[in-house]
Amino acid sequence: MIIYNVTISIQDSSIEQEWLQWMKQIHVPDVMKTNKFLEYKICKVLIDDESTYAIQYSCKDQETLNDYLENDAPKLMDEHNQKFRGKFGAFRTFLQLIEQG
């Protein structure tokens, strides 16, 4: 299993609740509608005085993730950037699940 982790730091705290609601109601459901991912988790990074979130999407294999990144991600990322441009920083990591208990 591959985990696609998107970490987003909200730089403008006045939009944090709007951003979180938009992620829950619009963006994450749109990502899941691509049918490339099995599940997702929205996590808040516990750092004092920071508004940082990690959204983790699990998919069955690297091929599926590559398909998403090539065919779906550009449009979805552009929508996010248009709505919140200049108010966040983001980076992505790709994780291979080795063992789960």
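Positive contributions from Lys and Arg (+1) and negative ones from Asp and Glu (-1), summed over other residues with Cβ under 14 Å from the Cβ of residue 23, come out at +1. What does a probe at residue 60 reach in region 73-101, counting residues whose amide N is under 20 Å from the point 7 Å along Cα→Cβ? Counting backbone N atoms under 20 Å from the label point, the list is 73, 95-100. When only alpha carbons of region 45-101 are considered, Rg and Dmax amount to 14.2, 39 Å.
With the biggest extent put first, the Cα atoms of the chain measure 37, 31, 20 Å across the principal axes.
Cross-link reach is defined here as a Cα-Cα straight distance under 29 Å, omitting same-chain residues fewer than 8 places apart; for residue 87 the lysines meeting it are 24, 33, 36, 41, 44, 75. Only helices enter the 222 nm calculation for the chain: every DSSP H run of n ≥ 4 contributes -39,500 (n - 2.57), and dividing by all residues gives -9500 deg cm²/dmol, rounded to 500. A cut-off under 13 angstrom between Cβ atoms defines the neighbours of residue 60, and their net charge, with Lys, Arg +1 and Asp, Glu -1, is -3. Entry note, the chain: relative contact order of 48 percent, from Cα contacts under 8 Å with a spacing of 6+ residues.
The angle between the Cα long axis of helix 62-71 and the main principal axis of the chain comes to about 50°, on a 0 to 90 degree scale.
In order along region 47-59, the Karplus-derived 3J(HN,Hα) couplings, from 6.51 cos²θ - 1.76 cosθ + 1.60 at θ = phi - 60°, round to 10, 4, 6, 10, 10, 10, 10, 10, 10, 10, 10, 9, 10 Hz, and Gly and Pro are given as x.
FYI, it's all coordinate maths here, none of it is from the lab. None of the values given here were measured: they were computed from a predicted structure. Counting neighbours? That spans all protein chains shown, and the Cβs are built from the backbone with ideal geometry, glycine included.
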